[in-house]
1. For the structure I just gave you, tell me whether residue 277 is over 22 Å from residue 154 (Cα atoms) and among the charged types (D, E, K, R).
2. Can you run down the residue pairs with Cβ atoms below 7 Å, 6 or more apart or on separate chains, where the first is in region 288-303 and touching a residue at least 60 places away in the same chain (Cβ under 8 Å) and the partner is polar (S, T, N, Q)?
3. If the requirement is being surrounded by 24 or more Cβ atoms within 10 Å (Cβ to Cβ), among the hydroxyl-bearing types (Ser, Thr, Tyr), in contact with an Asp or Glu (Cβ under 9 Å, 6 or more places away or on another chain) and within 26 Å of residue 46 (Cβ to Cβ), which of these qualifies: 263, 206?
4. Could you please let me know if residue 127 is closer than 18 Å to residue 239 by Cβ and acidic (Asp, Glu)?
5. Within region 159-184, which residues are in contact (Cβ under 8 Å) with a residue 40 or more places away in the chain and in a strand (DSSP E or B)?
6. With the requirement that a residue be under 18 Å from residue 48 (Cβ atoms) and either under 10 Å from the mean Cα position of the chain (by Cα) or in a loop (DSSP other than H, G, I, E, B) (or both), what does region 267-284 give you?
7. Out of 173, 105, 115, 85, which single residue is out of contact with any helix residue (DSSP H, G or I) (no Cβ under 9 Å at 6 or more places or on another chain), within 27 Å of residue 317 (Cβ to Cβ) and either modelled with pLDDT of 95 or more or not hydroxyl-bearing (Ser, Thr, Tyr) (or both)?
Amino acid sequence: MLSKALSIMMIILLLVGCTQATENTQNAESNLNVEVIAENLEIPWSIEKEGDTFYLSERPGAIIRIENGKVDRQKVELKNRLSTASEAGLLGFVLAPDFQESNLAYAYYTYEDNAERFNRIVALRLDDGVWSENSVLLDRIRSGPAHHGGRLKIGPDGKLYATAGDSYEPELAQDLDSLGGKILRINLDGSVPSDNPYPNSYVYSYGHRNPQGFAWSPDGKLYPSEHGNSQNDEINIIEPGQNYGWPIIEGHEEQRGMVSPLYTSGDATTWAPSGMDYDNNKLYVAALRGAAVLEFDLNTGESRSVITGLGRIRDVRIEDNFLYFISNNRDGRGDPQENDDKLYRISLAALD
């Protein structure tokens, strides 16, 4: 009888806990004046937007199209089998500048090749609601059990930028013959830009551990986010050809010939920063372990959390005075609540 009573009590506590967690999420959404644009997403990774239409990549291998409140999960046909390793799958996704005419986009995904794992950057073409791998821009970027990098963005110079992680082999970040632990710069046809810092090399900067975000200021400065080793997450300013230190230095450490970060979480905490964007001399950064959207004020050097209570945040996008962001509570490391994951929107004015 005692065992049965304890079992009933445990069930009641579990149900109460789930109800309270759902209420906490709903309260957080309400208190922040956050609007839910889409829900029941499957580990979304990147936010793209064309006019009033959203395109989100999902790690299991789909593109979500959202228009006028209608959510359509579009199939993606790839030439290699997606990896199911931790943090892997269909990651970065960016629409081509001429998407309306070409139906092209660029994607970064992790795949399995016999006993090995690699990342590749490809062009995808949309035809009758299905995305298919059209061409390969860059292949066999080393991958591992995690640290795949994966962010793609087209810079103000029209080049494609990609973040590549060190694939759990820290020494690759200092090896200029390896693409691991680097920020890469690529022509849209897959060739090496003639003005890259190293001849015939895609490497734009090196000494990175696991960078996952990009943002540019109007004056052309490039800011990436980077996961540190347990702590010491970073926000940097990128100069072509420079060495950002991993694994030799991290956080506040300094060494001649290496660049220390603009911001670091330090030894006491972690953000696990991912996607990011820029507005009005501020950087807005998705934080996974930080479970927040972080704001970094480039004028004052101060930082703060502007979104909390909604779990792990993977990517952000700013457009027309709105901040869009996606949760990643179903990625195996979060605490999924009712109808997770979600695409949210909030007015930037509401964050002041």
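1. In short, no.
2. Cβ pairs passing all conditions: 296/303; 298/281.
3. So the residue among 263, 206 that is surrounded by 24 or more Cβ atoms within 10 Å (Cβ to Cβ), among the hydroxyl-bearing types (Ser, Thr, Tyr), in contact with an Asp or Glu (Cβ under 9 Å, 6 or more places away or on another chain) and within 26 Å of residue 46 (Cβ to Cβ) is 206.
4. no
5. Answer for region 159-184, where residues must be in contact (Cβ under 8 Å) with a residue 40 or more places away in the chain and in a strand (DSSP E or B): 160, 161, 162, 163, 164, 183, 184.
6. Correct list: 274, 275, 276.
7. Matching residue, one of 173, 105, 115, 85: 85.
For every residue, the table says whether it meets (1) under 20 Å from residue 138 (Cβ atoms); (2) over 20 Å from the mean Cα position of the chain (by Cα); (3) free of Cβ contacts under 8 Å to residues at least 24 places away in the same chain.
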residue	(1), (2), (3)
187	yes, yes, no
202	yes, yes, no
205	yes, no, no
212	yes, no, no
215	no, no, no
219	no, yes, yes
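The values are calculated or read from the model by the stated rules, or taken from the named source; none is laboratory data. Because the structure is predicted, anything quoted here is derived from the model rather than measured. Cβ coordinates were reconstructed from backbone atoms using ideal geometry, including for glycine residues, and neighbour counts include every protein chain displayed.
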